[in-house]
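Structure first, commentary second.
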Amino acid sequence: MININISGASKKPIYQQIFDQVSGQIVRGELAPGTMLPPIRTVAKELRISVITIKKAWEDLERLGFIYTMVGRGCFVADLTAGDLMGKRSSMLAEKLEKDIAYYKSLGLTLHEIIEAVKKYYSN
Amino acid sequence: MTLLNVEKLNKSYPSFHLKDVSFSLDTGYIMGFIGSNGAGKTTTLKSIMNLVPKDSGNITVLGKDFTQNEIALKQEIGIMFGGVDYYTKTKIKKITEVVRRFYCNWDDALYHSYIKRFSLDESKKVEELSSGMRVKYSLTLALSHHARLLILDEPTSGLDPVARDNLLELFQEIIEDGEHSILFSTHITSDLEKCADYITYIENGHIVESREKDDLIDAYRVVKGTRDQLSMLAPNLIASKVHAFGFTGLIKVEDLAGNENLVAEPPSLEEIMIYYAKKGGGT
């Protein structure tokens, strides 16, 4: 079963939150290939989010190959090979890391300091 | 499919003008209609329904010209303008008996389900109802004839937070099948932050914005900075507020280019309204 929880306090746009959570569940294998996603309008009603917001998240998931649509039947989790999953995981990592590292650089941290900080907080 | 299309609607009063109001709403969505008091929300909604005669403009409902098919199209529309405030000495059961006769598709079972859902007592007189109850009764009448389009003026006003939340949930149930749309005005923008698909924003008789809610919010930023930064940025700002330690202002994303070092956050609908109103609105 798909799990989505929206945070009203997060600065992340809601469709981004939904995208991140669903793609995360697919990458971690919690949503098996071929799993049918609930209809957009049902998700909207359940989460109390606008239909268009959900649509946008689903479109992004489809564009990046996490799900596919069968006209008249609904959306399904794509059958991703282990290689695909690793690839997606690294590109998601790269995208986020690039922004984060730019921020740490702006604070004047060295590579060594960043790595030490990552080590410290990873084990916390 | 377009359920409601409003094109260049004009209406003049001695001290107020609706100017070329245009927007459209597709089947299956919720549109929030926002604006300050006196911005023209109710006048727009009443002009659409021909409750006040418009000076010019075209209204199309389900692809048909509204003026030429007014009686038939009104069957497809559920309207409410505030709580019921007529025949205050009459029991609501009696009022329902009158209203239902206007609608070919009146559904008594549906009506009673809403009476029950809203905990209304049909044997009460209008004057015995609280303002929240009057709003709920008014909504019940709008919802009981299988209208494709609901036009609701301030449906959440006078309702407590729990009742408002229940109502928004009901709105989403109504549009779930993709066949119904809801246009509702409100100045409680938090009602719209989540559930609205589209926002139409009117200020001083002009439509400032009418687009997808997410795109609207994405198109603006609230910026914060020092007073020195303000003088540089001022020509690009829609409006700003200066305080002792700096400023906050609203800016379009494209006008922010080159100032990425400023603190910039996506605005709430309320912030968009406040800054546009400060600017003088509508231009």
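The values are calculated or read from the model by the stated rules, or taken from the named source; none is laboratory data. A quick note: this is a predicted structure, and the numbers were derived from the prediction, not measured. Counting neighbours? That spans all protein chains shown, and the Cβs are built from the backbone with ideal geometry, glycine included. The protein model used for the area step is the full one, side chains on, heavy atoms only, and it has no ligands, DNA or RNA in it. Shrake-Rupley method; radii C 1.70, N 1.55, O 1.52, S 1.80 Å.
Among B:SER138, B:VAL21, B:PRO155, whose Cα sits farthest toward the positive end of the charge dipole of chain B (+1 at Cβ of Lys/Arg, -1 at Cβ of Asp/Glu, about the Cα centre)?
The residue sitting farthest along the positive end of the dipole is B:SER138.
For A:LYS56, which aspartates and glutamates qualify as cross-link partners when the Cα separation must be under 19 Å and same-chain residues fewer than eight apart are set aside?
The reachable aspartates and glutamates, counting only those whose Cα sits under 19 Å from A:LYS56, are A:ASP20, A:GLU46, B:ASP26, B:GLU176, B:ASP177, B:GLU193, B:ASP197, B:GLU212, B:ASP214, B:ASP215, B:ASP218.
How do A:ILE6, B:ILE34 stack up against each other in accessible area, from largest to smallest, with a 1.4 angstrom probe?
My answer, sorted largest first, is A:ILE6, B:ILE34.
Give me a single rounded figure for B:164-175: the average over its residues of other chain Cβ atoms within 10 Å of their Cβ.
2
In terms of Cα to Cα distance under 28 Å, which lysines are near enough to A:LYS55, apart from those fewer than 8 places away along the same chain?
A:LYS11, A:LYS12, A:LYS45, A:LYS88, A:LYS96, A:LYS99, B:LYS194, B:LYS213, B:LYS252
So which residue, out of B:PRO155, B:PRO53, B:PRO267, gets the largest mean-square fluctuation from a GNM of chain B using Cα contacts under 10 Å as springs?
B:PRO53
DSSP loop chymotrypsin sites (Phe, Trp or Tyr not before Pro) in segment B:171-279 with at most 13 other Cβ atoms within 10 Å of their Cβ, which ones?
Filter output for segment B:171-279: B:PHE245.
Can you compute the modelled spin-label distance between A:GLU116 and A:ASP79, with each label point 7 Å from Cα toward Cβ, in nm?
5.1
Distance from the Cα centre of segment B:28-54 to that of segment B:120-161, in angstrom?
Going from one Cα centre to the other spans 18 Å.
Of the peptides B:61-70, B:36-45, how do they stack up when ordered by the mean number of other Cβ atoms within 10 Å, highest first?
So the peptides B:61-70, B:36-45, ranked by packing, come out B:36-45, B:61-70.
Protein chains only, probe 1.4 Å: how do B:ASP255, B:ASP153 rank by accessible area, largest first?
My answer, sorted largest first, is B:ASP255, B:ASP153.
Name the residues whose placed amide hydrogens come within less than 5 Å of the amide hydrogen of B:LEU3, ignoring near sequence neighbours (fewer than 5 apart) on the same chain.
When sequence neighbours closer than 5 places are left aside, the close amide H contacts are B:LEU25, B:ASP26, B:THR27.
Which lysines does B:LYS11 reach when only Cα atoms under 16 Å apart count, and residues fewer than 8 places away in its own chain are ignored?
Straight-line reach from B:LYS11, under 16 Å: B:LYS19, B:LYS41, B:LYS46, B:LYS54.
Give me the accessible area of B:LYS54, 1.4 Å probe, in Å² rounded to the nearest 10.
Its heavy atoms expose roughly 50 Å² to the probe.
Determine the order of B:ARG211, A:ARG89 by accessible area, beginning with the largest, at a probe radius of 1.4 Å.
So the residues, ranked largest to smallest area, are A:ARG89, B:ARG211.
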